[in-house]
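Computed from the coordinates by the stated procedures, all read-outs in this text should not be read as laboratory data. It should be emphasised that the depicted structure is a prediction, and the values quoted were computed from it without experimental measurement. Virtual Cβ from ideal backbone geometry, glycine too; neighbours counted across all protein chains shown.
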Number of protein chains: 2
Amino acid sequence: MKYGVVIFPSKKLQDIANSYRKRYDTKYSFIPPHITIKSSFEATEEELTTIVGRVRQAASNVQPFLINVTKAKSFQPANNTIYLKVEAAPELDMLYQALHGEGTHKTDVEYAFSPHITIAQELSNDEHLDVMGQLTNLNVDHQEKVDRIHLLYQLEDGVWTVYETFRLGAE
Amino acid sequence: MKYGVVIFPSKKLQDIANSYRKRYDTKYSFIPPHITIKSSFEATEEELTTIVGRVRQAASNVQPFLINVTKAKSFQPANNTIYLKVEAAPELDMLYQALHGEGTHKTDVEYAFSPHITIAQELSNDEHLDVMGQLTNLNVDHQEKVDRIHLLYQLEDGVWTVYETFRLGAE
């Protein structure tokens, strides 16, 4: 079974992201807009209790914090994914570290942590050029509070379901 | 903003439901398979704290319990929706009552509570006949434990996002 850990931003930010994702993101129907903290990893249902404990621990050690979303960028040349950049925050790193340390499950894809909200992916070169052209001058400049993280699992059809939410700083 | 309260069943049951929903449920891409406890209701973000408190209270007053899913049925003649029937359980009624009592928000649609997992809707009469024909002899006979409920909100594009999970019987 595949699991993952994400932040779902506010409805406002999700609606902004979806206005692009609807047209340009091939994963649009599999998961609402999100910031990935730990990308998909394979684990058995028997391991779930341990995983839940670890995510709860990670969440309780971090207080609610503000994120700043500034502009649209592309991961080119690595790939054609376009995203809303989430500025670095120590709390994001703490969450990432707590879920990638010794004894945690290895994720399917290993990148350096670069917090973001994907709005377009698997574009052709022409589409990428076109979408980036539209977005270059997009000034998002959005700030909001993050006070929870979500543990998800993936269904057979690829759609992600929330297993549990964890409030930051909770006992 | 629209909110709702549901139970997401196990991955196994969700996968079974989705094998039908993918073809026959027009709401397939808006929400994973679920048992509705309180259908969509309108509330402001300012009311969210009160709503969260109420759902938490409802969840904490009910201990984890078993549900039995037995067979596929149709809501005909009321409508053409086909669903997996969830057998009555006192805990389901307790959750329903706690979220529909005095002082709670009025839902957009009022039906008598009949717990179910929708697998097909908005079918033509011919489709309905055809799908029911396939499903009449489907013996699901599935039992599983419910230990949490989920408070959701709806994005502009119609997709539902989980705001928070609440464990049954939790302090």
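Numbers for the structure displayed
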{"read-out": "In nm, spacing of pseudo-spin labels at A:GLU171 and B:THR70 (7 Å Cα→C-beta vector)", "value": "4.3"}
{"read-out": "Neighbour-count order for B:ASP130, B:ASP141, fewest beta carbons within 10 angstrom listed first", "value": "B:ASP141, B:ASP130"}
{"read-out": "Theoretical gain in end-to-end length, B:ASP93 to B:ASN79 [0.36 nm per residue, Cα-Cα removed]", "value": "2.7 nm"}
{"read-out": "Among A:ILE117, B:GLY101, B:TYR153 the positive-end extreme of the charge dipole of the protein assembly as shown (Cβ point charges)", "value": "B:GLY101"}
{"read-out": "Average other protein chain Cβ within 10 Å of Cβ, residues A:13-23", "value": "2"}
{"read-out": "Cβ neighbours within 10 Å from other chains - mean over A:151-159", "value": "5"}
{"read-out": "Under 12 Å, Cβ to Cβ, from A:VAL159 - net charge with Lys/Arg +1 and Asp/Glu -1", "value": "+2"}
{"read-out": "Tensor-based shape of region B:12-171 (alpha-carbon gyration tensor, a/c under 1.5 rounded, otherwise prolate or oblate)", "value": "prolate"}
{"read-out": "Farthest toward positive dipole pole in region A:1-132 [+1 Lys/Arg, -1 Asp/Glu at C-beta], among A:VAL69, A:GLN57, A:ALA43", "value": "A:VAL69"}
{"read-out": "Label geometry 7 Å along the beta-carbon vector: B:GLU127 inter-copy distances in nm", "value": "2.6"}
{"read-out": "Label 7 Å beyond Cα on the Cβ vector: A:TYR111 copy-to-copy distances, nm", "value": "4.1"}
{"read-out": "R0 of 25 Å, Cβ-Cβ distance B:ASP147-B:THR104: FRET efficiency to nearest 0.05", "value": "0.65"}
{"read-out": "Label spacing, shortest first and in nm, from B:LYS85 to its equivalents in the remaining copies (7 angstrom along Cα→Cβ)", "value": "5.8"}
{"read-out": "Check: region B:2-166 dipole with +1 on Lys, Arg Cβ and -1 on Asp, Glu Cβ, in debye", "value": "500"}
{"read-out": "Relative exposure of B:VAL146, A:VAL52, judged by other C-beta atoms within 10 Å (fewest first)", "value": "A:VAL52, B:VAL146"}
{"read-out": "Residue mean of other protein chain beta carbons inside 10 Å, A:27-33", "value": "3"}
{"read-out": "Sum of side-chain charges, A:LEU84 neighbourhood, beta-carbon under 10 Å (Lys, Arg +1; Asp, Glu -1)", "value": "+3"}
{"read-out": "Sorted by Cβ neighbour density within 10 Å, fewest at the top, the residues B:THR36, B:THR70", "value": "B:THR70, B:THR36"}
{"read-out": "Within the protein assembly as shown: Cβ-based charge dipole about Cα centre, in debye rounded to nearest 20 (Lys, Arg +1; Asp, Glu -1)", "value": "120"}
